[in-house]
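Nothing in this text is a laboratory measurement; each read-out follows from the coordinates by a stated rule. Worth saying up front: this structure is predicted, and the values here are computed from it rather than measured. As a convention, Cβ positions derive from the backbone with ideal geometry for all residues, glycine included, and neighbour counts pool all protein chains shown.
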Amino acid sequence: MSEVIQAQALECAQLLSEPPRAAVLDGLLSRVLSFAYRMRGLERYDAFRLERVHGVPVLVTPSVFNPRLLRTGAYFAGCLDGKLIPPAAEVLDLGTGSGVCALFAARHARRVVAIDINPAAVRCAQINAALNHLEHRIEVRGGDLFAPVHAERFDVVLFNPPFVRGTPRNDRERAWRAEDVAERFAAQLGAHLKPGGCALVLLSSFGDSAAFLTELAAQGFALTPFAQRRYVGERVIIFRAVQP
């Protein structure tokens with residue numbers, strides 16, 4: 001790892017850290033909001049819900065990550081525009097969940113391949129592609145990380161990864177808990193990027209997100225923060241990773 005890349009990774013990791021006082025205040029506010037969500041029935045993750053994300057209808061089925069209630073998916077999707085996704089681009093959306101990022105990328109890209117390890121998420125993303133009349137641009141495949149695109153390369157790779165290190169107990173937990181995804185993603189990413197391509201990785205101050213920065217830097221990727229947003233209890237940052 002070069003000194004420049006190592007310094008970039010450290011700076012990026014610092015962006016994900018929260019000052020102690022802010023973390024305590026956010027924790028209190030987060031518990032208040034969580035109680036309010038339970039009172040209104042909004043904590044139901046394992047139910048059929050039709051959400052609207054930036055005006056786009058997105059059906060969320062049981063065990064699938066809800067991009068609106070859990071915020072990060074909706075935020076990531078809203079950042080995908082024609083500047084990031086040029087018209088001729090081929091895009092890979094890893095851990096697609098409901099397919100929300102694939103939907104927004106497909107507005108600009110020539111082709112999007114969306115992957116998820118959860119069979120329910122694969123079906124959900126296929127439904128949302130058809131619901132938004134984008135099935136001709138979005139192909140949804142089931143599998144673990146890059147396995148379903150073994151010999152393929154892309155201009156842009158999108159990833160909203162699981163932030164918490166540990167063993168998922170069920171398919172729903174795969175959206176936010178994993179054992180070694182950071183290491184495997186970083187090790188395999190270079191083989192699936194076209195020359196000049198990049199990865200956009202959404203990370204959070206919650207969990208063990210800094211591991212992704214460390215592993216990507218160890219593989220020689222230059223990291224820069226592209227966009228960020230502060231929520232109660234969480235700071236979300238989209239990092240751009242490119243190979244020098």
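Odds and ends about this structure:
- Comparing Cα centroids, the range 220-244 and the range 112-149 end up 24 angstrom apart.
- Sorted by Cβ neighbour density within 10 Å, fewest at the top, the residues Ser204, Ser209, Ser2: Ser2, Ser204, Ser209
- Centroid-to-centroid separation of the range 184-211 and the range 44-98 [C-alpha atoms, Å]: 18
- Cα shape, the range 139-244, gyration tensor, a/c 1.5 rule: oblate
- Each of His133, His108 was scored by other Cβ atoms within 10 Å of its Cβ. Arranged with the fewest first, they read His133, His108.
- Extending 7 Å from Cα along the Cβ direction at Thr167 and again at Arg229 yields two label points whose distance is 3.5 nm.
- Average silhouette area of the range 91-139, convex hull of alpha-carbon atoms, in square nanometres: 2.6
- Toward the positive end of the charge dipole of the range 61-219, with +1 on the Cβ of Lys and Arg and -1 on the Cβ of Asp and Glu, the farthest Cα among Thr72, Ser205, Asn160 is that of Thr72.
- Estimated FRET transfer efficiency (Leu131, Cys79; beta-carbon r; R0 25 Å; 0.05): 0.70
- Highest to lowest packing among 159-167, 218-226, scored as the average C-beta count within 10 Å: 159-167, 218-226
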